[in-house]
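Trainee: Below is one structure. I have some questions about it.
The values are calculated or read from the model by the stated rules, or taken from the named source; none is laboratory data. Bear in mind that the values here come from a model prediction, so they are computed numbers and not experimental data. A quick note on method: Cβ atoms are made from the backbone with ideal geometry, for glycine too, and the neighbour counts reach across all protein chains shown.
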Number of protein chains: 2
Amino acid sequence: MIFEKEILKKIDFITENELKEEILKHGEILSFKKGDVIVREGQYVKILPIVISGLIRVFQTKEDREILLYYVEPSQTCMMSLSACFFNNQSPSQALAMTQTDILAIPSRFITQWQKQYNSWNNFVIKTFRKRYDELLDTFESVAFDHIDKRVIAYLARRKSQQESTRIKISHQQLANELGTTRVVISRILKQFEMDGKLVLHRAEIELL
Amino acid sequence: MIFEKEILKKIDFITENELKEEILKHGEILSFKKGDVIVREGQYVKILPIVISGLIRVFQTKEDREILLYYVEPSQTCMMSLSACFFNNQSPSQALAMTQTDILAIPSRFITQWQKQYNSWNNFVIKTFRKRYDELLDTFESVAFDHIDKRVIAYLARRKSQQESTRIKISHQQLANELGTTRVVISRILKQFEMDGKLVLHRAEIELL
DNA sequence: GATACTGTGTATCTTTTGATACCGTTTTAT
DNA sequence: ATAAAACGGTATCAAAAGATACACAGTATC
């Protein structure tokens, strides 16, 4: 059971009390288990998900490879859903629950309505677009100009700071998928890092030093 | 002199007559010559530019290299300006007039106001964000997964369709900057294409066949 | 017309990354 | 318990792209 108090804590970027009430009234909590598909490619999207707890991975698949768009963390929403709701489009991407995840589902009809009525909602919408753009630009720059070893380090560092632990559970294959390369390349680089004393490798787990 | 009729033609995505009048009333036409800097990095942005004629190049500079974000064509606006106006931020990027360019400058205070009042304006705002995101994603994918020769061809094809001519005025060095690589690589690839009979090279100009 | 700058062709060498293949270990499923 | 799948180490080879260097032609400037 999720209490209203917890929900309100996650949407503290909403300043108008009236809007808070509306959100609690019209939003519905949906729960997903690890590995559940939340949105399929091509599916029409009727709700906007705001993550209350857990983590959602949003990605596209193109010719048997995945392109990671972004993760949706608590207090955030999915830009692609936002856009799809807005224009009543099909979703161009897939969303997957990475862990047990609870979302607050807002029916799409409220999105533009609230944008007009509530400043903080409109801010939320615009910030979501801008944030994802900046993230993508970051990724783009690192793909364009950095070597893979640097990207691996950056990825691990980000994971470390997100989860407050130096042990990162991920297989070489998964890491390769995240960075858009192959398993052999990742194994090679990680081994080198281990020899340099930067980390220790365990099965499906990387321990940062 | 730019006539109201021409302006209205360029903003035909605006459906409300009332808004059209407001735009004509509060917007101001600004003209730039080829090469003029329209926005500097770090500058506060007080107006939203809608291009009436010409072309604007929006890019960032990082450690002596340029990162092209996008071009703003007639009827379009600059996402970065939109975002900067919205949050009263400094512009993280530079904008440069590629040719003689006329813009319709909308004072920033109207942006959110009109978003609330006019659906077509809000659509314009959201579409701008989404469009630039999609473009960036496209570029990202081609950088991540395509070889440079394919990217060169794609770049030339886009330029061709934009300007309705098979002769593209660009030097190898400029082309290298656009694609984030070096002159030698571009010369090498273009020469190969010429030998394959796909194009003819002239000085600072490429003729597509 | 001399000079400097820009644009281009091309050769050589190196680094990075990808592709493939093979092997052993550990975990999972039946 | 046994087979299958997932995980990872490593070697070899090839391709793509970057770095550097040099030559020379066209263009602009004075």
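Trainee: Out of all the residues in the stretch B:158-172, is one or more assigned to a helix (DSSP H, G or I), within 13 Å of DNA strand D (Cβ to nearest atom) and not assigned by TED's automatic domain parsing to the domain that holds B:SER83? Even if it seems obvious, please write down each step before you answer.
Mentor: Taking the stretch B:158-172 first, the residues assigned to a helix (DSSP H, G or I) are B:158-163, B:172.
Cutting the leftovers down to within 13 Å of DNA strand D (Cβ to nearest atom) gives us B:172.
With not assigned by TED's automatic domain parsing to the domain that holds B:SER83 added as a condition, the list becomes B:172.
Checking the stretch B:158-172: at least one residue is assigned to a helix (DSSP H, G or I), within 13 Å of DNA strand D (Cβ to nearest atom) and not assigned by TED's automatic domain parsing to the domain that holds B:SER83.
Trainee: From the set of residues in the stretch A:150-168 that are among the basic types (Lys, Arg) and more than 12 Å from DNA strand C (Cβ to nearest atom), which is nearest to the other protein chains (Cβ to nearest Cβ)? Spell out how you get there, then give the answer.
Mentor: As a first pass, look at the stretch A:150-168 and keep what is among the basic types (Lys, Arg): A:150-151, A:158-160, A:167.
Checking the rest, the ones that are also more than 12 Å from DNA strand C (Cβ to nearest atom) come to A:158-160, A:167.
Numbers: A:ARG158: 18, A:ARG159: 20, A:LYS160: 24, A:ARG167: 29 Å.
This residue is A:ARG158.
Trainee: Would you check if there is a residue in the stretch A:57-73 being outside any strand (DSSP E or B), within 20 Å of A:SER31 (Cα to Cα) and touching a helix residue (DSSP H, G or I) at 6+ places or on another chain (Cβ under 6 Å)? Please lay out each step first, then the result.
Mentor: Initially, the stretch A:57-73 is screened for residues outside any strand (DSSP E or B), giving A:63-64, A:73.
Among the residues that remain, those that are also within 20 Å of A:SER31 (Cα to Cα) are: A:73.
The next check asks that each one be touching a helix residue (DSSP H, G or I) at 6+ places or on another chain (Cβ under 6 Å); those that pass are none.
No, the stretch A:57-73 contains no residue that is outside any strand (DSSP E or B), within 20 Å of A:SER31 (Cα to Cα) and touching a helix residue (DSSP H, G or I) at 6+ places or on another chain (Cβ under 6 Å).
Trainee: Related question: Please go through the stretch A:56-65 and give me each residue that is at negative phi and out of contact with any strand residue (DSSP E or B) (no Cβ under 6 Å at 6 or more places or on another chain), ordered by number. Step through it out loud before you land on a result.
Mentor: To start, the set of residues in the stretch A:56-65 that are at negative phi comprises A:56-62, A:65.
Passing the criteria: A:THR61, A:LYS62, A:ARG65.
Trainee: Scanning for something under 22 Å from B:GLU73 (Cα atoms), within 14 Å of DNA strand C (Cβ to nearest atom) and touching a strand residue (DSSP E or B) at 6+ places or on another chain (Cβ under 8 Å), does the stretch B:177-190 turn up at least one residue?
Mentor: Yes, the stretch B:177-190 has at least one match.
Trainee: With respect to A:ILE111, determine if the residue is crowded, with 18+ Cβ neighbours inside 10 Å, without any contact (Cβ under 8 Å) to a residue 12 or more places away in the chain and in a helix (DSSP H, G or I). Steps first, please.
Mentor: Working: crowded, with 18+ Cβ neighbours inside 10 Å: yes; without any contact (Cβ under 8 Å) to a residue 12 or more places away in the chain: no; in a helix (DSSP H, G or I): yes.
Judged against the criteria, A:ILE111 is not a match.
Trainee: For B:PRO92, which of the numbered conditions (1) in a loop (DSSP other than H, G, I, E, B); (2) away from chain A (no Cβ under 14 Å); (3) more than 16 Å from DNA strand D (Cβ to nearest atom) fails to hold?
Mentor: (2)
Trainee: Using the structure shown, decide if B:PRO74 is more than 8 Å from chain A (Cβ to nearest Cβ), out of contact with any Pro (no Cβ under 6 Å at 6 or more places or on another chain) and either charged (D, E, K, R) or closer than 14 Å to B:VAL39 by Cα (or both).
Mentor: Working: more than 8 Å from chain A (Cβ to nearest Cβ): yes; out of contact with any Pro (no Cβ under 6 Å at 6 or more places or on another chain): yes; either charged (D, E, K, R) or closer than 14 Å to B:VAL39 by Cα (or both): no.
The answer is no for B:PRO74.
Trainee: Still on this structure: Regarding B:THR181, is this residue surrounded by 14 or more Cβ atoms within 10 Å (Cβ to Cβ), assigned by TED's automatic domain parsing to the domain that holds B:VAL37 and within 16 Å of DNA strand D (Cβ to nearest atom)?
Mentor: On the way: surrounded by 14 or more Cβ atoms within 10 Å (Cβ to Cβ): yes; assigned by TED's automatic domain parsing to the domain that holds B:VAL37: no; within 16 Å of DNA strand D (Cβ to nearest atom): yes.
Here the answer is no, as B:THR181 does not meet what is asked.
Trainee: Condition test on B:PHE140, is it closer than 23 Å to A:SER81 by Cβ and within 16 Å of DNA strand C (Cβ to nearest atom)? Lay out the reasoning, then the answer.
Mentor: Details: closer than 23 Å to A:SER81 by Cβ: yes; within 16 Å of DNA strand C (Cβ to nearest atom): yes.
Judged against the criteria, B:PHE140 is a match.
Trainee: Taking A:VAL143, is it within 13 Å of chain B (Cβ to nearest Cβ) and touching a residue at least 12 places away in the same chain (Cβ under 8 Å)? Step through it out loud before you land on a result.
Mentor: On the way: within 13 Å of chain B (Cβ to nearest Cβ): yes; touching a residue at least 12 places away in the same chain (Cβ under 8 Å): yes.
In short, yes.
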